[in-house]
Amino acid sequence: MRFIDRDFPGPKRDFVGYGRQLPQVHWPHDAKVAINIVVNYEEGSEYSKPAGDDRNEGLGEIAYAMESRYRDLSVESTYEYGSRAGIWRLMRLCSEYDVHCTFFACAVALERNPEVAAYLRASPHDFISHGWRWEEHWRLDRDTERQHMQWAIESFQQTLGKRPTGWYCRYGPSVNTRELVVEEGGFLFDSDAYNDDLPYFTEVNGTRHLVVPYTLTYNDLQGDKSPDDFADFCKRGIDELWLEGDRGYPKMMSIGLHPRLIGQAGRASALREIIEHGLGKGSVWFARRNDIARWWLDHHGEFERA
């Protein structure tokens, strides 16, 4: 073999996964697919001049890019929309259908909006850490990243009364993130991967570790989708995964949301369609992410990838 991977920091690449012999998963109530609705709660933790950053954040509703030497009040206000209005529209919708979701929460975002923190603390929804801030972890050295992880844990303990049991970075992790998650010792899993339709175990410095993969595919940030496009895309995903489950190989599906985007009324209607579609099919488990992780640990610990 002429091609050999170089010894490089971080997890080893795995192109095989479960291979051809897919595990026969058994979800609660014999569900054919497990769907986790994820609310990325980032508003207030993004890059901004008032936060002391040297640039403004993007990924909002504003099409232009203001020079970094200026404070961009328009972009800031689109993030404020998610925290002031969008989040409550999404929560009312979830409550209407009694669907429990998972917050990918940035610690600083909850500090900036105690009302959302109080709601989450008393709600049936769960959360995992989306970092101390919505920052690019790969730019941090190992000690700084470890420090920010500790700050996040301490912050959640103050705002929500408990620590997170899962971890997910902005976009992607650094080469150190997974090792730091395992070394910290209080996390059941991380979601810093997009490489499977099922949870899986990996080894980190001799420790068995669970990964519950996320998605950037069924995500309101991907591409310039209209509400119809997003609803159709997600419903097609549900249908195909449901069919695979009906044939004996149930999967999981994550749907990623952002209050500043899908929290707008015209887009929230797409989420309503998606939820109604899933509920209407039957044998769909709308699950919190921690529930999926714990179910996998309790019932599918024997599943190893090829």
Count the DSSP beta bridges whose two residues both fall in the chain, then state the antiparallel fraction as a percent rounded to the nearest 5. 15 percent
Given Met252, Asn205, Tyr64, which one lies farthest toward the positive end of the charge dipole of the chain, if we put +1 on the Cβ of every Lys and Arg and -1 on the Cβ of every Asp and Glu? Met252
Going by the alpha-carbon gyration tensor, a ≥ b ≥ c the square roots of its eigenvalues, is segment 167-306 rounded (a/c under 1.5) or, if a/c is not under 1.5, prolate (a/b greater than b/c) versus oblate? oblate
Checking the a/c ratio against 1.5 first, then a/b against b/c, what shape does the Cα gyration tensor give for segment 35-174? oblate
Roughly how many Å is it from the Cα centre of segment 1-64 to that of segment 160-187, as a whole number? 13 Å
In bins 20 Å wide, starting from 0, what share of all Cα pairs of the chain does each bin hold, as a percent? 32, 59, 8
Mind telling me which of Tyr168, Tyr79, Tyr97 comes out most flexible in a GNM of the chain, alpha-carbon contacts under 10 Å? Tyr97
HN-Hα J in Hz across segment 23-29 - Karplus 6.51, -1.76, 1.60, θ = phi - 60°, x for Gly and Pro: x, 8, 7, 10, 7, x, 6
Could you pull out which residues in segment 155-196 have an amide N less than 18 Å from a spot 7 Å beyond the Cα of Arg121, following the Cα-Cβ vector? 155-165
Between Tyr70 and Glu184, with labels modelled 7 Å along Cα→Cβ, what's the label distance in nm to one decimal, could you check? 3.8 nm
Taking only the alpha carbons of segment 85-242, the radius of gyration and the largest Cα-Cα distance, Dmax, both in angstrom, are 16.5, 46
Name the longest site-free stretch of the chain, where the excluded sites are GluC sites (Glu not before Pro) in a DSSP loop with no more than 12 other beta-carbon atoms within 10 Å. 68-301
Can you put Trp285, Trp134 in order, fewest other beta carbons within 10 Å first? Trp285, Trp134
In Å, the C-alpha Rg and Dmax of segment 1-87 are 21.9, 57
Sort out for me the Cα centre separation of segment 205-277 from segment 96-157, rounded to whole Å. 21 Å
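So how strong a dipole does the chain carry about its Cα centre when Lys and Arg Cβ are +1 and Asp and Glu Cβ are -1, to the nearest 20 debye?
The dipole of the chain has a size of about 200 debye.
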From fewest to most C-beta neighbours within 10 Å, the residues Lys251, Lys49, Lys162 line up as Lys162, Lys49, Lys251
Inter-probe distance in nm under a simple model that places probes 7 Å from Cα toward Cβ, at Trp151 and Tyr97: 3.7 nm
Cβ-based charge dipole, segment 93-150, positive-most Cα from Thr102, His148, Ala122: His148
Go through segment 141-158 residue by residue and turn each phi into a ³J(HN,Hα) via Karplus (6.51, -1.76, 1.60, θ = phi - 60°); whole Hz please, and just put x for glycine and proline. 6, 4, 5, 5, 5, 4, 5, 5, 5, 5, 4, 4, 4, 4, 5, 4, 5, 7
For the chain, calculated [θ]222 nm from helices alone, where every DSSP H run of n ≥ 4 adds -39500 (n - 2.57): -11000 deg cm²/dmol
Say the cut-off is 30 Å between C-alpha atoms; which of Lys12/Lys235; Lys162/Lys225; Lys12/Lys225; Lys225/Lys281 go over it? Lys12/Lys235; Lys162/Lys225; Lys12/Lys225
Which residues qualify? For Phe189, with a placed amide H closer than 5 Å and at least 5 residues away or on another chain, they are Trp167
Check which residues have an amide H placed less than 5 Å from Val204's amide H, if you skip close sequence neighbours. His209
Hey, what's the Cα Rg ratio for segment 135-205 versus the globular rule of thumb, 2.2 N^0.38 Å? 1.11
Positive dipole terminus of the chain, leading residue within Thr165, His29, Gly17 (C-beta point charges): His29
Would you grab the residues whose amide H sits under 5 Å from the one on Glu135? Only those 5+ places off in sequence or on another chain, please, with H modelled 1.01 Å from N. Arg170
Using a Gaussian network model of the chain with C-alpha springs under 10 Å, which one of Tyr200, Tyr47, Tyr64 is most mobile by mean-square fluctuation? Tyr64
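FYI, it's all coordinate maths here, none of it is from the lab. Small disclaimer: the values here were computed from a predicted structure and weren't measured. Glycine also receives a Cβ, built like all others from the backbone with ideal geometry; neighbour counts cover every protein chain displayed.
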